[in-house]
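Before any comments, here is the structure.
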Amino acid sequence: MWKKIAGVAGVGVVGATGLLYKFNGSAEQLQFPNIRSKHSLVAKHVTKDKWDKLAGHKTATSGFTLGKAISCAVEFDNQHCGIYAGDYDSYQDFAAVFDPIIQEYHGISANARHTSDMDVSKIKGNVHPNAPVKSVRIRVGRSFNGFGLSPGITRKQRTDLEKLLKTAFANFQGDLKGNYYPLLGMDENVRQQLVDDHFLFMSGDPNLQVAGMERDWPEGRGIFHNKDKTFLVWVNEEDQTRIISMQKGGDVKAVFERLARGIEPSVTPSTRNPGNRLCSTRSTGTSTPAPPTSERVCEPRYTLTYPGGPPRVSIP
């Protein structure tokens, strides 16, 4: 259990490892840390030599450190990866750690190049209409330069990004048009409806808390969805934006087409100016806080039923 430290300014809790934790939930180690997740990629790739070279560095966008990045691997003993990026800079400034972790996790080479293609016309075929597919959902994460990612984003950056995205949502037209519902001050009837629709994201995940992603909860966070509830955007949860297209039945092409329209030309141009470009790298594509999702940031999921089985099965 975490406990408060009395009489120490600016300090919130001490983790089970005895490391000092600030209110943002991130470890500020002053010496080479005891990495409790002994078999994690962090334990393999955060060597003392790398630590000594990088531990004192802070990123320009959010002042993020390597100590904050590996908080989960230090605090918990069950991590496979164990590292989060606090901003786009983290992938560059701490490349000696992030690059080999991403390469090993995804099985890619150091000279790999990511290809992104949202051209719907290239999708051939579809799910057979007689297949027992009840619904299809495709989601992507998108991040914008100039704002920290959730483990490192400052309070002002988070609220500024929310304002920017609200402006983008107001530009949606046709079947994409809808409403944005901020978590802060949310009406109880709205909250319950979002719960009933399985749209609402909540706090309480230990990994997200230790990684610093739930600071200032619920300020600067919210959910947009269109009238038909087939297009959603989560704002400032684990990703800066998690964009979701879904519908009943197995029409994958229609779901992807709506997703592509929701990203281009709506959300992206509304937020893409010289200071707010999409965060991406040539090797892994879109930059998200978690390296495991950086290479496969587009994720399809199907819900189906079949005779003799459970009533609903989700297949990622």
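Remarks
- Listed conditions (1) over 15 Å from Glu237 (Cα atoms); (2) assigned to a helix (DSSP H, G or I) are all met by Glu162, apart from (1).
- In the stretch 59-98, the residue that is surrounded by the most Cβ atoms within 10 Å (Cβ to Cβ) out of those that are without any contact (Cβ under 8 Å) to a residue 40 or more places away in the chain and out of contact with any Gly (no Cβ under 6 Å at 6 or more places or on another chain) is Leu66.
- Restricting the stretch 99-113 to residues that are open to solvent by 60 Å² or more (accessible area, probe 1.4 Å) and not polar (S, T, N, Q), the residue that is modelled with the lowest pLDDT: Arg113
- Residues of the stretch 120-145 that are surrounded by fewer than 17 Cβ atoms within 10 Å (Cβ to Cβ), part of a loop (DSSP other than H, G, I, E, B), touching a residue at least 24 places away in the same chain (Cβ under 8 Å) and of a type outside the set (A, V, I, L, M): Asn126, His128, Pro129, Pro132.
- For the stretch 184-206, a residue qualifies if it is closer than 30 Å to Cys81 by Cα and open to solvent by less than 40 Å² (accessible area, probe 1.4 Å), and the qualifying residues are Phe199, Leu200, Phe201.
- Some residue of the stretch 148-162 being in contact with a helix residue (DSSP H, G or I) (Cβ under 6 Å, 6 or more places away or on another chain) and either of a type in the set (Phe, Trp, Tyr) or surrounded by fewer than 20 Cβ atoms within 10 Å (Cβ to Cβ) (or both): no
- Any hit, the stretch 52-59, residues being among the small types (Gly, Ala, Ser) and within 14 Å of Ser150 (Cβ to Cβ): no
The values are calculated or read from the model by the stated rules, or taken from the named source; none is laboratory data. Here the structure is a predicted model, which means the values were calculated and not measured. As a convention, Cβ positions derive from the backbone with ideal geometry for all residues, glycine included, and neighbour counts pool all protein chains shown. All accessible areas refer to the heavy atoms of the entire protein, side chains included, with ligands and DNA or RNA removed. Shrake-Rupley method; radii C 1.70, N 1.55, O 1.52, S 1.80 Å.
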